[in-house]
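First comes the structure, then the notes that go with it.
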Amino acid sequence: MKKAKSLFCILFFFLNISAIFADGHAKITISDLWISEAPASASVLVAYVKLKNNTSSPISLTNITSTSFSSIEIHRTVIKNDVATMERFSKLEIPSDSTLKLLPGDYHLMLFNPNKPLSLGDKTELIFYFSNESKILMEAEVKKRNINKSQHNH
Amino acid sequence: MIPAIVALSILATSIGFYISLKQSQNRLEQNNIVQSLFWPNPKEIVDFTTKDHNGDLFGLEQISEKWTFIFFGYTNCPDICPITMSVMTDAYQALIDEYKNIQIIFVTVDPDRDNIDKLKSYVSFFDPDIVGLYEKPTTENSLTKQIGVAHYNNKEDGKYIVDHSASIFIIDPKMRLVSKISPPHKSDEIIEKFKKIKRFIDEKS
């Protein structure tokens with residue numbers, strides 16, 4: 001009986017663990033979040049990130065907040081006829097089972113009015129809100145921008 | 001005897017083929033340079049008045065006898081502007097030892113939000129040699145009017161966006177706008193293009 005009880009306990013423990021992991025296997029995975037190092041006087045910074053939708057239906061990024069910035073917006077750099085412009089998005093859809101990459105020269109997060117200058121290696125938190133009601137807090141580190149050396153990079 | 005003739009004719013054909021291949025490669029290279037060149041009628045830059053990031057006057061005299069690379073942008077543009085500036089800085093640092101008379105200029109197209117102090121902090125972040133220029137794009141003969149593009153979207157909003165030229169422009173030592181390098185910018189390509197453009201212009205001069 002005692003044996004059965006402890007077996008039950010162990011089983012219960014593992015069930016719990018797996019429940020945690022199942023929950024941990026989130027609907028959205030956020031990775032490679034970084035802020036580009038900028039001059040100390042910059043009033044707008046930029047962040048890049050990868051958003052992975054692990055579900056079979058589309059989920060949208062609806063808002064991003066941080067106590068370090070007055071506001072955060074989703075933008076995309078578009079170059080048409082040698083003229084650069086930025087488009088603003090109120091939300092960004094991540095298609096089912098796919099990863100949306102916010103990368104230099106493309107989609108990016110505009111971080112307005114940092115409340116203090118951020119230098120290389122500094123970390124700050126951003127909160128991502130999604131259309132499925134989920135909310136994810138992520139730490140962003142200030143990193144140096146990689147230089148685009150040549151077209152032959154793979 | 002016959003094998004010798006066959007071998008000789010194969011050799012001759014190969015040489016002929018090689019020469020024509022080389023010629024077409026050269027033509028292709030010439031075309032590539034010509035495409036990014038404003039030639040044979042490059043625009044001559046006329047006198048303009050701007051202030052540099054130290055507050056000093058900067059005009060035609062400061063671009064004379066130098067190869068000048070110009071990019072138009074604004075400090076509230078955190079994506080494409082620093083990308084281009086980083087690439088230009090990398091090209092500049094690779095070229096400056098060999099070609100002493102080169103300068104990199106960043107012209108703000110957003111004089112309402114940018115100022116001389118902001119420009120100073122901005123350009124020196126990339127390289128202390130880079131020149132930041134402050135001008136009102138609407139001024140007669142402003143560099144923006146002579147070379148670039150600036151268009152303002154919903155300027156009443158404090159977070160307004162400025163559409164601006166994404167190209168890097170090259171002015172030769174005779175103050176002629178000789179070339180435009182279109183994005184996406186890669187430093188190795190800028191270095192290669194500059195060398196070819198310089199060779200081409202030097203030959204024509």
Selected from A:Phe69, A:Leu109, B:Pro40, residue furthest toward positive end of dipole (the protein assembly as shown; charges at beta carbon): A:Leu109
- prompt: Roughly how tilted is helix B:116-126, in degrees to the nearest 10 and between 0 and 90, from the longest Cα axis of chain B?
  reply: 30
message: Under 15 Å between alpha carbons, and skipping anything fewer than 8 positions from B:Lys145 in its own chain: which aspartates and glutamates qualify?
response: B:Glu44, B:Asp47, B:Asp110, B:Glu135, B:Asp163
- request: Would you order B:Arg176, A:Arg88 from fewest to most other beta-carbon atoms within 10 Å of each residue's own beta-carbon?
  value: A:Arg88, B:Arg176
message: Need the list of aspartates and glutamates near A:Lys27 for cross-linking: C-alpha distance under 19 angstrom, and skip anything on the same chain fewer than eight residues off.
response: A:Glu93, A:Asp97, A:Glu133, A:Glu139
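Taking a ≥ b ≥ c as the square roots of the eigenvalues of the Cα gyration tensor of the protein assembly as shown, is the shape rounded (a/c under 1.5), prolate (a/b larger than b/c) or oblate?
Details: a/c = 2.84, a/b = 1.41, b/c = 2.01.
Here the protein assembly as shown falls in the oblate category.
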- request: Just need the relative contact order of segment A:24-143 here, percent rounded to a whole number, with Cα pairs under 8 Å and 6+ apart.
  value: 34
- prompt: Say each of A:Asp106 and B:Asp112 gets a label point 7 Å from the Cα, pointing the same way as Cα to Cβ; how far apart are those two points in nm?
  reply: 3.3
field: Relative contact order %, chain B, counting alpha carbon pairs below 8 Å whose residues are six or more apart
entry: 26
statement: In degrees, nearest 10, the alpha-carbon axis of helix B:187-204 is tilted away from the dominant principal axis of the alpha carbons of chain B by 70
Cα shape, segment B:43-204, gyration tensor, a/c 1.5 rule: prolate
Backbone N under 15 Å from the A:Asn81 label point (7 Å along Cα→Cβ), restricted to segment B:117-150: B:148-150
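To the nearest 20 debye, what charge dipole does chain B have about its Cα centre, counting +1 at the Cβ of each Lys and Arg and -1 at the Cβ of each Asp and Glu? Intermediate results must be reported in sequence, preceding the final value.
Values: 23 positive and 28 negative charges, 159 e Å.
Using only the charged Cβ atoms, the result is roughly 760 debye.
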- prompt: Where does helix B:2-36 land angle-wise versus the long Cα axis of chain B, in degrees 0 to 90, nearest 10?
  reply: 10
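Sum -39500 (n - 2.57) across every DSSP H segment of at least 4 residues in the protein assembly as shown, then divide by the residue count to get the 222 nm mean residue ellipticity, nearest 500.
That calculation yields -10000 deg cm²/dmol at 222 nm.
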- line: Any aspartates and glutamates whose Cα falls less than 14 Å from that of A:Lys149, other than same-chain ones fewer than 8 residues away, would be B:Asp90, B:Asp188, B:Glu189, B:Glu192
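Throughout, read-outs are computed from the coordinates displayed, never taken from laboratory work. Note that the coordinates shown come from a computational prediction; the quantities given were computed from them, not determined experimentally. Neighbour counts are summed over all protein chains in view; Cβ atoms, including those assigned to glycine, are modelled from backbone coordinates with ideal geometry.
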